[in-house]
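Chemist: Structure below; questions to follow.
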Amino acid sequence: MAIIAYVARMPNKKNYYLPFMVYAIVAAAFALILVYENAASTALQAASRQWPTNSLIGPTLMFPLAYNFILNFTTTKMSVFQKCTLAAGYAYWFIFGAAYVIDPSYFGYTVGHFTDTGYTPGPQPYSTAWWTVFQKTPPIPFLAGHQFFYDYLALTILPLYYLFRYYRSTESPLVKSQIRYLSVGVFFDWFGIVWLGFAIFGPLRSFPNLQPIFQTITVIVLFAGLTKHGFKRVTPTLETAAPLPQTYTLEDGRSYLARDSESSFDAFAELVRNGREGLCVTRKFPDDVRRTYGLESTPIRWLAEERRDDAISATDLLGLSLTVKDFMNKAKKPVVMIQGLEYLTRVNGFDPVIRLLDGLHEAAGPKNGILLIPVTPNTLEPKEDALLVAETVPQPAPSRK
């Protein structure tokens, strides 16, 4: 529940957060019901506590949900094959549920579980009639025996394939790290269902059902991968370089849009060299910025896919947002420059970037902060540019003194 609440309030959500939340809710509900089932004193009582989790929120639903989430994470637009395989996963869940409704006794067993009178090995019948999936003809033929595990295997191999392909194509160290976490999570999801199969049919039938534990590990690992970000604390520092003549008149609490980066750099350097605490986020190499604009101690963060203490991945809008907001909260009168909006938009799309800027503008207001945003003309779509203009004010030209 804590994981679900945390994900729900995360800023700059991407298209894969909703599928992950649905998956996490279903997995949490399934794990809780299995714990409740394992506390039963008899197999019949366990059956009454379990029904109808197998057909409604069991692995047959969780596997396509997890596959849905991985597809949203690794692709911006699903291919026909991806849509078809995803639809097949959900269709199997529907058919499995229909078969359960037609004849619940076909699934008439419970795995080994602890009870109030001790451990009960599995499989155990739900009623006095002893049957298993091997001894009774299923209402739908292809559900027989171990065949329903093939569906889970397919929905494990496909996500791992797309994660591996995405890992090879991306250059972002952050995204590669996320993919490693997600791959481990997918493996634990598959291992949980394998354990369940062994506990029902195989040599582990004298063992308890540990699938809820593996399911919990899966959700935690997937969550750890999604929330991994490049947040780095930035300590506000007054610039030690000599002051500059003040030529820019900028009001506190405003977000200024400039049509060339040079004027924004000039305004930023002037503000920080005259007593304001500043943070510069730029696509330019930090040493070049310091040399060109005479900055000595002002913190600069580089938008780049490099393993450096002063680098922030362009794909990590959450880390960028947290870094800038943390700086604003600690600074007395902050000034923040975001140079490279075109690059951020190309990597992430415009909507997440404009949400990022909206959040930074709201954070700057209470601190009397100033946000400088240079954007090269004709690099955004007309509608995007119009929205950016509506959310900012034009940066004034310098006065001639």
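Here, each number is a calculation from the coordinates, and none is a lab measurement. No experiment lies behind these values; they were computed from the predicted model shown. Cβ atoms come from the backbone with ideal geometry, glycine included; neighbour counts cover every protein chain shown.
Chemist: Among the aspartates and glutamates, which have Cα under 13 Å from the Cα of residue 383 when same-chain residues fewer than 8 positions away are ignored?
Modeler: Qualifying aspartates and glutamates at Cα under 13 Å: 351, 391.
Chemist: Still on this structure, please answer the following. Evaluate the distance, in nm, between pseudo-label points positioned 7 Å from the Cα of residue 346 and of residue 288 along their respective Cα→Cβ axes.
Modeler: About 1.4 nm, to one decimal.
Chemist: Okay, next question. May I ask for the percentage of alpha-carbon pairs in the stretch 255-381 that lie more than 23 Å from each other? Each step should come with its number before you reach the end.
Modeler: Details: 1925 of 8001 pairs.
Tail of P(r) above 23 Å: 24 percent of Cα pairs.
Chemist: Around residue 311, which amide H atoms from residues at least 5 apart in sequence, or from another chain, sit under 5 Å from its own amide H, with H modelled in the peptide plane?
Modeler: Answer set, sorted by chain and number: 302.
Chemist: Hey, can you grab everything whose amide H is under 5 Å from the amide H of residue 276? Only 5+ residues off in sequence or another chain; H modelled, so Pro and N-termini drop out.
Modeler: none
Chemist: Using the Karplus curve 6.51 cos²θ - 1.76 cosθ + 1.60 with θ = phi - 60°, what ³J(HN,Hα) values do you get for each residue of the stretch 306-319, in whole Hz, with x for Gly and Pro?
Modeler: Coupling constants for the stretch 306-319: 10, 8, 10, 5, 9, 9, 10, 5, 5, 7, 9, 5, 5, x Hz.
Chemist: Sticking with this structure for a sec: From the phi of every residue in the stretch 292-297, what ³J(HN,Hα) in whole Hz does the Karplus formula 6.51 cos²θ - 1.76 cosθ + 1.60 yield, where θ is phi - 60° and glycine or proline is x?
Modeler: Going residue by residue, I get 6, 10, x, 9, 10, 10 Hz, with x marking Gly and Pro.
Chemist: Mind listing which GluC sites (Glu not before Pro) in the stretch 244-289 are in a DSSP loop and have 10 or fewer other Cβ atoms within 10 Å?
Modeler: Numbers: sites: 251, 262, 270, 277; in loops: 251.
Here the sparse-neighbourhood loop sites are 251.
Chemist: If you take the square roots of the eigenvalues of the alpha-carbon gyration tensor of the stretch 329-401 and sort them as a ≥ b ≥ c, do you get rounded (a/c under 1.5), prolate (a/b over b/c) or oblate?
Modeler: oblate
Chemist: Between residue 95 and residue 180, what length comes free when the chain is fully extended (0.36 nm per residue of separation minus the Cα-Cα distance, one decimal in nm)?
Modeler: That works out to 27.3 nm of additional length.
Chemist: When 61, 32 are ordered from fewest to most other Cβ atoms inside 10 Å of their Cβ, what list results?
Modeler: The most exposed by this proxy come first: 32, 61.
Chemist: Quickly work out the residue 187-to-residue 154 label distance, labels modelled 7 Å from Cα along the C-beta direction, and quote it in nm with one decimal.
Modeler: It is 2.5 nm.
Chemist: Would you mind calculating the gained length between residue 165 and residue 259 on full extension (0.36 nm times residue separation, minus the Cα-Cα distance), in nm to one decimal?
Modeler: My answer for the length gained is 30.0 nm.
Chemist: Hand me the GluC sites (Glu not before Pro) from the stretch 285-351 located in a DSSP loop with no more than 14 other Cβ atoms within 10 Å, in residue order please. Kindly include the intermediate steps, with their values, before the conclusion.
Modeler: On the way: sites: 296, 305, 306, 342; in loops: 296, 305, 306.
Within the stretch 285-351, the qualifying GluC sites (Glu not before Pro) (loop, at most 14 other Cβ atoms within 10 Å) are 296, 306.
Chemist: Of 228/325; 232/332; 284/325; 77/232; 228/367, which sit over 23 Å apart, Cα to Cα? Numbers along the way, then the final one.
Modeler: Details: 228/325 17 Å; 232/332 19 Å; 284/325 21 Å; 77/232 32 Å; 228/367 28 Å.
As for pairs spanning more than 23 Å Cα to Cα, those are 77/232; 228/367.
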